[in-house]
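**Student:** Please find one structure pasted underneath; my questions will follow.
The values are calculated or read from the model by the stated rules, or taken from the named source; none is laboratory data. Note that the coordinates shown come from a computational prediction; the quantities given were computed from them, not determined experimentally. With ideal geometry, Cβ positions are generated from the backbone for all residues, glycine too; neighbour counts draw on all protein chains shown. Calculation scope for accessible area: heavy atoms of the full protein, side chains included, ligands and nucleic acids excluded. Shrake-Rupley method; radii C 1.70, N 1.55, O 1.52, S 1.80 Å.
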Amino acid sequence: FSNQYTEEEARKLGVVGWVKNTRQGTVTGQVQGPEDKVNAMKSWLSKVGSPSSRIDRTSFSNEKEISKLDFSGFSTRY
């Protein structure tokens, strides 16, 4: 899973947060922004992803409204 594409898509959509590849071959992360932009990012993560990725299943949890963003951009964590 190439996080470069995920970062680019996040910037294009205007969401902030982070993404990380796990040792189990999955991807975890956090996305924040206006609801419509977050939904667009979720759709991209579920259906498109990076060119070399294979998406078997997506799971989104801990969704809630926040008063301010915790992140100033979108980054990859290692």
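**Student:** Step by step: first the residues of segment 21-34, then only those that are over 15 Å from Ser59 (Cβ atoms) and modelled with pLDDT under 95, then the one that is surrounded by the most Cβ atoms within 10 Å (Cβ to Cβ). Which residue is that?
**Tutor:** Only one residue tops the list, namely Asn21.
**Student:** Pairs needed: first member in segment 29-57, under 13 Å from Val16 (Cα atoms) and among the aliphatic types (A, V, I, L, M); second member anywhere, assigned to a loop (DSSP other than H, G, I, E, B) and open to solvent by less than 40 Å² (accessible area, probe 1.4 Å); C-beta distance under 7 Å; at least 6 residues apart or different chains.
**Tutor:** Qualifying pairs under 7 Å: Val31/Val15; Val38/Val15; Met41/Val15.
**Student:** Considering segment 58-78 alone, what residues qualify as being open to solvent by 70 Å² or more (accessible area, probe 1.4 Å), touching a residue at least 24 places away in the same chain (Cβ under 8 Å) and not polar (S, T, N, Q)? Break it down stepwise before answering.
**Tutor:** If we filter segment 58-78 for residues that are open to solvent by 70 Å² or more (accessible area, probe 1.4 Å), which is where we start, we get 59-70, 72, 77-78.
The next check asks that each one be touching a residue at least 24 places away in the same chain (Cβ under 8 Å); those that pass are 66, 69-70, 72, 77-78.
Residues satisfying the conditions are Ile66, Leu69, Asp70, Arg77, Tyr78.
**Student:** If I ask for residues that are part of a helix (DSSP H, G or I) and in contact with a Gly (Cβ under 8 Å, 6 or more places away or on another chain), which ones from segment 38-67 would you list?
**Tutor:** Matches in segment 38-67: Met41 only.
**Student:** Can you pull out the residues in segment 7-54 that are among the small types (Gly, Ala, Ser), in contact with a strand residue (DSSP E or B) (Cβ under 9 Å, 6 or more places away or on another chain) and over 19 Å from Asp70 (Cα atoms)?
**Tutor:** Of the residues in segment 7-54, the ones among the small types (Gly, Ala, Ser) are 10, 14, 17, 25, 29, 33, 40, 43, 46, 49-50, 52-53.
Among the residues that remain, those that are also in contact with a strand residue (DSSP E or B) (Cβ under 9 Å, 6 or more places away or on another chain) are: 10, 17, 29, 33, 49, 53.
Result: Gly49, Ser53.
**Student:** Take the residues of segment 7-20 that are modelled with pLDDT of 95 or more and within 8 Å of the chain's Cα centre (by Cα): which is farthest from Ser72 (Cα to Cα)?
**Tutor:** Top of the filtered list is Ala10.
**Student:** Now a separate question. Can you give me the number of residues within segment 2-17 that are of a type outside the set (S, T, N, Q) and either in a helix (DSSP H, G or I) or free of Cβ contacts under 8 Å to residues at least 12 places away in the same chain (or both)?
**Tutor:** Of the residues in that region, 8 qualify.
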